[in-house]
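Chemist: Handing you this structure, nothing more for now.
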Amino acid sequence: MQKLAQTLMWLMLGSLGITKEDLNWRGPKKEVAAGSSSAAIQLNHYPACPDPDRAMGLAPHTDSTLLTILHQSNTSGLQVLRDDGTRWVTVPPIRGGLVVHIGDLLHILSNGLCPSVVHRAVVNRDRNRISIAYLHGPPSNVRISPVQKLVGPSQPPLYRAVTWNEYLGTKAKHFNKALSSVRLCAAAPINGLVDAKDQNNNNNNAVKVG
């Protein structure tokens, strides 16, 4: 799974023209290889609920990772928020398929060009749901910041450097405002896209499901 996560991450960064030589990941004492990583596995169980409209399996959020790879059971429940923040879209389980979420650390690393995904889990009236998440991140002591190749006079770095451990603490304190809390610049369009985290937080209670 680690190899798959690293391959996917480099494919995404490669689409932005980023190579391993462009990532100067450094720990407190020495340089860390750009291919290094750390990870965790999370098992989620959502019991059936007789009144699902009055319960929430998992509140809307983004992941504090580079990438999250998710395996779902055959009961649907995962929903992602569209980029425009107008409605929730159900991600149906596909036998043998995996779902990949871009996390906040890849959002920071790409200077907002690879936006993290707002998602939630809803419960089912009749069936239990299980999901297994592989949480892929950098070594815990490596500081993550926008890649230098993606910043310049017309495109300043949008986020300050953070370690995964530091960001997890920020996420625990600020939850969905964590990404905004490490932002250096005021929200502004990025290649035509707005960093929509604050906007989505305001709209979560008003969006449609479809």
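Chemist: Which numbered condition in (1) more than 15 Å from residue 108 (Cβ to Cβ); (2) at pLDDT 95 or above; (3) of a type outside the set (Phe, Trp, Tyr) is the only one that residue 136 fails?
Modeler: So the condition that residue 136 fails would be (1).
Chemist: Here's another thing I want to ask about it. Do the conditions hold for residue 81, that is, is it more than 25 Å from residue 37 (Cβ to Cβ) and aliphatic (A, V, I, L, M)?
Modeler: Working: more than 25 Å from residue 37 (Cβ to Cβ): yes; aliphatic (A, V, I, L, M): yes.
Criteria met by residue 81.
Chemist: Going by the structure shown, is residue 186 part of a helix (DSSP H, G or I), modelled with pLDDT under 95, of a type in the set (Gly, Ala, Ser) and out of contact with any Lys or Arg (no Cβ under 9 Å at 6 or more places or on another chain)? It would help to see each step written out before you state the result.
Modeler: Values: part of a helix (DSSP H, G or I): no; modelled with pLDDT under 95: yes; of a type in the set (Gly, Ala, Ser): yes; out of contact with any Lys or Arg (no Cβ under 9 Å at 6 or more places or on another chain): yes.
Answer is no for this residue.
Chemist: Having 1 or more residues that are within 20 Å of residue 12 (Cβ to Cβ) and in contact (Cβ under 8 Å) with a residue 40 or more places away in the chain is the bar; report the strands (runs of 3 or more DSSP E) wholly within the stretch 38-77 that clear it. Explain how you work it out, then say what you get.
Modeler: Working: elements: 38-46, 58-61, 67-72.
Answer list for the stretch 38-77: 38-46, 67-72.
Chemist: In the stretch 106-157, what count of residues is obtained for those that are among the aliphatic types (A, V, I, L, M) and over 27 Å from residue 79 (Cβ atoms)?
Modeler: Residues that pass the stated criteria total 5.
Chemist: Only one residue in 60, 93, 47 is modelled with pLDDT of 90 or more, of a type outside the set (Asp, Glu) and within 22 Å of residue 165 (Cα to Cα), so which one is that? Give the steps one after another, and end with the answer.
Modeler: Working: 93 fails: within 22 Å of residue 165 (Cα to Cα); 47 fails: within 22 Å of residue 165 (Cα to Cα).
It is 60.
Chemist: For the subset of the stretch 118-146 comprising residues that are of a type in the set (S, T, N, Q) and touching a strand residue (DSSP E or B) at 6+ places or on another chain (Cβ under 7 Å), which member is surrounded by the fewest Cβ atoms within 10 Å (Cβ to Cβ)?
Modeler: Initially, the stretch 118-146 is screened for residues of a type in the set (S, T, N, Q), giving 124, 128, 131, 140-141, 145.
Add one more test, that the residue is touching a strand residue (DSSP E or B) at 6+ places or on another chain (Cβ under 7 Å), and what stays is 128, 131, 140-141, 145.
Details: 128: 14, 131: 21, 140: 12, 141: 16, 145: 19.
Residue satisfying both the conditions and the ranking: 140.
The values are calculated or read from the model by the stated rules, or taken from the named source; none is laboratory data. Here the structure is a predicted model, which means the values were calculated and not measured. Note that we place each Cβ from the backbone using ideal geometry, even for glycine, and neighbour counts take in every protein chain shown.
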